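In what follows, a single structure is set out as structure tokens and then discussed.
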Amino acid sequence: MSSTPKELRYSKSHEWIRKEGSNIGVCGISDHAQELLTDVVFVELPSIGLEVKRGDRVAVVESVKAVSDVYAPATGKVIEVNTELEESPDAINSDAYGDGWIFKLELEDADELDSLMDAAAYQKHVAMGDN
Amino acid sequence: MNRTALYNEHLNLKGKIVDFAGWELPVLYTSIIGEHIACRNAAALFDVSHMGEITVKGKDAESFLRKMIPTSLDRIEPYKCMYSCLCNDHGGTIDDLFIYMIADDDFLLVVNASTVEKDFRWLASHRMGDVEIENISDVISKIDIQGPLSKQILLQVLSDENVGELERFSFTHSVYGDRPIIVSCSGYTGEKGYEIYLHNELASRLWTELLLKGKDFGLVPAGIGARDTLRLESCYSLYGHELSDSISPVEAGIGWIVNSKDDFIAKDIILKQKKKGASRETVAVELMDKGVPREECEVKKNGFIIGITSSGGYSPSLKKGIALALVQAGSVKPGDEVEIVIRDKGVRAKVVKRPFYRYMGK
């Protein structure tokens, strides 16, 4: 069973977001998503300064088996990207919620996170087979 | 869906089960790349029991097979095996296979899982003389152990000096659990290794014993994900990709198996292709930019479509995307730059000499 940390929020498209400070959101893809992809080999990171609305495509993760778009779980501006993923894309597989983080957003409205799924709701979403 | 005799072992090892040609098999146990690298550096164990085994026996078995395959049977003798194929009347490929000669009236054909029935029907419909053809796939399991340490590991379990002395493309009868088995020095990974054929009832025991005794050598179980990345690096054809009913062995780049002087099916067509060249050929390409090519990606040169990829993937050894592509004959040569269209975007690639990874056994 894939892991689903309780302190995070999740989107239907399998991204997670963790609030840092008052208005920063650290984002990545869930353990369930990385399991489906298998070995990640390339990550297309967004440019710093990119403004995104919730649901916009923001990054691309390519694995041995498939390619997957990563969508912004919230509205904001990309302020940092995980350049370590260029050398070690497999961090997404081995540590999806830690070293496998993909980008950080300066959130337009931190309250937007409340409308995302919590861990329990996301687990149910995964169990229902909504890949 | 079918399951091999090792299905429960795969579950025990937490294999990620997928559908492959109607069989429930693990695509990986831990990581495709990890399993691939383990095979190249130490050893990996594969359950390939879904493959087919067809016996061809009788006084006329040899003359029958000489009509069915384009590879000369003069090239093998008892206890040797060789790569070949079955061609249809148009020169396309029914299947590629390995043919094991036990005696001149006793042959074993090892074929792809997705084509067992097709191959059997093809052989049966062309049968003539004192020839008995039997599909024994259902009772035979197949375990491949591949990698530089595969010999040492196998000898921990089968202390049979005949196994230890096997040269590439030779096989021997041996015994395991008081039952006869066949062990050949061959494989589909580009590493030195062995293919073991045994009755289903023994598969679990051999699988677990190999994993146990191979653990200290670094032996890992590997799924079909790694099997595909390994064979692609070695430029081995996969039926349904490089070979098909409409792709001849010459077009696929395995024209070297066409060397028989016998009157084999589609002889005129295939020999003409060999002599004058076919209209298409298979080339190897390496991506120059980031990306993973897949099958059925267009290949362009100077803006013109020259062909399409037959297989694509990521090479853990080269750390880049690689592909095999069926293109217009003569349109490119090694060193040429092409474009592979991946998800509507052209990615720069260069044509290279096959294989990406050279066979490392001796």
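Annotations for the structure displayed:
- DSSP beta bridge pairing in chain B, given as percent antiparallel to the nearest 5: 95
- Computed magnitude of the charge dipole of the protein assembly as shown (debye, nearest 20; Cβ of K, R +1, Cβ of D, E -1): 1220
- For segment B:220-282, the spherically averaged projection of the C-alpha convex hull amounts to 5.5 nm².
- Separation of the alpha carbons by more than 32 angstrom is noted, of B:Lys142/B:Lys272; A:Lys104/B:Lys320; A:Lys6/A:Lys53; B:Lys118/B:Lys290; A:Lys12/B:Lys301, for B:Lys142/B:Lys272; B:Lys118/B:Lys290; A:Lys12/B:Lys301.
- Only one residue of B:Val111, B:Val258, B:Gly214 has its Cα farthest out toward the positive end of the dipole of the protein assembly as shown, where Lys and Arg carry +1 and Asp and Glu -1 on Cβ, and that residue is B:Val258.
- The charge dipole of segment B:279-362, taken about its Cα centre with unit charges on the Cβ of Lys, Arg, Asp and Glu (plus for the first two, minus for the last two), comes to roughly 380 debye.
- Normalised per residue, the volume of the convex hull around the Cα set of segment A:3-69 (Å³): 98
- Ratio of Rg to Rh for segment B:279-362: 0.96 [Cα atoms; Kirkwood radius as inverse mean 1/r over pairs].
- Helix runs (DSSP H) in chain B reaching 27 Å along axis by Cα, Kyte-Doolittle at least 1.6: none
- Counting only DSSP beta bridges whose two residues both lie in the protein assembly as shown, roughly 95 percent are antiparallel.
- Residue among B:Ile140, A:Ala127, A:Gly21 farthest towards the positive dipole end of the protein assembly as shown, charges placed on Cβ: B:Ile140
- Ranked list, fewest to most other Cβ atoms within 10 Å of each Cβ, for B:Met288, B:Met101: B:Met288, B:Met101
- Radius of gyration and Dmax over the Cα atoms of segment B:9-83, both given in Å: 18.4, 49
- Dipole of segment B:279-362, positive direction: furthest Cα of B:Val327, B:Gly346, B:Ser315, with charges on the beta-carbon: B:Ser315
- Of every Cα-Cα pair in segment B:1-148, the percent that sits beyond 21 Å: 51
- Overall, the ratio between the Cα radius of gyration of the protein assembly as shown and 2.2 N^0.38 Å, rounded to two decimals, is 1.09.
- Per-residue mean of C-beta atoms belonging to partner chains within 10 Å, peptide A:30-41: 3
- Under 14 Å from B:Lys59, Cα to Cα: aspartates and glutamates that are on another chain or at least 8 residues apart: B:Asp104, B:Asp105, B:Asp106, B:Asp130, B:Glu132
- Computed E for A:Ser47/B:Asp19 - FRET, C-beta separation, R0 51 angstrom, nearest 0.05: 0.85
- Cβ-placed point charges (K, R +1; D, E -1), dipole of chain A about Cα centre in debye, nearest 20: 420
- Distance between the modelled labels on B:Glu134 and B:Met288, one decimal in nanometres: 5.7 nm (7 Å Cα→Cβ projection).
- Applying 1/(1 + (r/R0)^6) with R0 = 22 Å to the Cβ-Cβ distance of B:Phe304 and B:Asn88 gives a FRET efficiency near 0.10.
- Net lengthening on full extension, B:Asp60/B:Arg354 (0.36 nm per residue, minus Cα-Cα): 102.0 nm
- Computed over neighbours whose Cβ is under 15 Å from that of B:Lys320, the net charge equals -3, Lys and Arg +1, Asp and Glu -1.
- The Cα atoms of chain B define a convex hull whose projected area, averaged across directions, is 17.4 nm².
- Cβ-based exposure ranking for B:Ser84, B:Ser244, B:Ser237, in which fewest neighbours within 10 Å come first: B:Ser244, B:Ser237, B:Ser84
- Helical mean residue ellipticity (222 nm; -39500 (n - 2.57) per DSSP H run of 4+; nearest 500) of the protein assembly as shown: -6000 deg cm²/dmol
- Enclosed volume per residue, in Å³, of the convex hull spanned by Cα atoms of segment A:13-107: 74
- Computed over the alpha-carbon atoms, segment B:110-155 gives an Rg to Rh ratio of 1.18, Rh here being the Kirkwood radius from the mean inverse distance.
- From the alpha carbon centroid of segment A:35-81 to that of segment B:29-48 is 29 Å.
- Working from label points 7 Å from Cα in the Cα-to-Cβ sense, the B:Thr208 to B:Asp106 distance is 3.2 nm.
Every number here is computed from the coordinates shown, using simple stated rules; none is lab data. Please read these numbers as outputs of a predicted model, since none were measured by experiment. In this analysis, Cβ positions are derived from the backbone assuming ideal geometry, glycine residues included, and neighbour counts consider all displayed protein chains.
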